[in-house]
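Here's the structure we're looking at; comments come further down.
The values are calculated or read from the model by the stated rules, or taken from the named source; none is laboratory data. Keep in mind the model is a prediction, meaning the values are calculated, not measured. No Cβ is skipped: glycine too gets one built from the backbone with ideal geometry, and neighbour counts run over all protein chains shown. Ligands, DNA and RNA are excluded from the accessible area calculation, which covers all protein heavy atoms including side chains. Shrake-Rupley method; radii C 1.70, N 1.55, O 1.52, S 1.80 Å.
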Amino acid sequence: MKCKICKEKAIIKLKRHNIKLCKEHFNDFFLKQVDRAIKEFKMFKKEEKVMVCVSGGKDSLVLWYVLKKLGYNTVGMYVNLGISEYSENSKKKVLKFAKLFDLEYKIVDLVELGYPVPKIAKESRRAECSVCGVIKRYYFNKVAYDEGFDVVATGHNLDDEASRLLGNILHWNDEYLKKQVPVLPAEGKMLKKKVKPLIRLTEKEIASYAFLNKIDYLIEECPLSKGATSLVYKDALNLIEENIVGTKQFFYFQYVKKLQKELEHSQNKIGSLKECKICGMESFNDICSFCRLVRNEEQ
Ligand code: ZN
Ligand code: ZN
């Protein structure tokens, strides 16, 4: 197996691009894919301040590493979710990584704030993953606003987004389907732009990149996410991809193309933003979903 570019020994075969690459050229390929996504979807520019949401897992640490390598202005943002040992371990990975590469970061500690995910899930009788999502989104946005960031970047990859798209189509979740783009524009003056620079890369490619570049990440998955339906959709798409190469990428990007066209034609927003009566952050409701959640009110 030889590298398509330099003819040296290839270490990876990328079926959907129909190429084999050596370590050096795989690294080049990887950076180019991120760079292309950032430019193609107009995610951010060199002078903008990017908040990178880091969990200690491979996707977010690779994203942080690559953005720094590409010369972007980043600060990591870690949320301690208060999920026992898993949170302890993930925090250790993030701190070690930041120290090793001399990166700036911020921490929001939900335990100190009194909102650890398991406690809020129990009190509100809602699923842990959905509680976690509401709380994380709130703090990512709040910190980005309070500290003057231009954009919030997350490590979602092609597998994450394609499987989410499949799930949303299978259940015809129209509201979510409208938001499945790699860039969500800023709204009002507080809701920041959200971007997914790893969108052109698969889980396997990211894991290979992490391995080749000795990025020490937390392999352990969140114990609360066991049995998540998203994993079923990922498996289903991987089965299709194995038999019909390129399907995953086609499925997701064709959808994004169509949706972007539709969004261009219908610029009218749903509802208008108000300031939450409790915390003052902008929301489409009188009380934002975070405040409703932690005050344990009907959703
Ligand atoms: Zn090569
Ligand atoms: Zn609020």
Give me log10 I(q)/I(0) at q = 0.14, 0.20, 0.29, 0.31 Å⁻¹ for the range 188-229, Debye formula, one equal scatterer per alpha-carbon, no solvent.
-0.58, -0.89, -1.01, -1.04
For the chain, what is the accessible area per residue in Å², given a 1.4 Å probe and the full set of protein chains?
55
At a Förster distance of 22 Å, what's the computed FRET efficiency of PHE250 paired with GLU40, Cβ-Cβ distance as r, to 0.05?
0.85
Would you mind giving the three semi-axes, in whole Å and largest first, of the ellipsoid equivalent to the range 78-137 according to its Cα gyration tensor?
25, 11, 9
For the range 184-299, calculate the relative contact order in percent as a whole number, restricting contacts to Cα pairs under 8 Å that are 6 or more residues apart.
16
For the range 78-198, alpha-carbon Rg relative to the globular expectation (2.2 N^0.38 Å, N residues):
1.16
Sequence gap at least 6, Cα distance under 8 Å: using those rules, report the relative contact order of the chain to the nearest whole percent.
19
Rounded to the nearest whole number, the per residue volume of the convex hull around the C-alpha atoms of the chain in Å³ is 144
Rounded to the nearest 500, the 222 nm mean residue ellipticity computed for the chain from DSSP H runs (n ≥ 4, each -39500 (n - 2.57)) alone is -15000 deg cm²/dmol
Count neighbours as other Cβ atoms within 10 Å of each site's Cβ, and list the GluC sites (Glu not before Pro) in the range 102-177 that are DSSP loop with at most 11 such neighbours.
GLU104
What part of the accessible area of the chain, given as a whole %, is carbon or sulfur when the probe is 1.4 angstrom?
53
For the range 178-299, just the Cα set please: Rg and Dmax, both in angstrom.
19.1, 53
How big is the shadow of the Cα convex hull of the range 145-206, averaged over all directions, in nm²?
5.0
Quickly rank 215-224, 191-200, 241-250 as a protection proxy: mean count of other C-beta atoms within 10 Å, highest first.
191-200, 215-224, 241-250
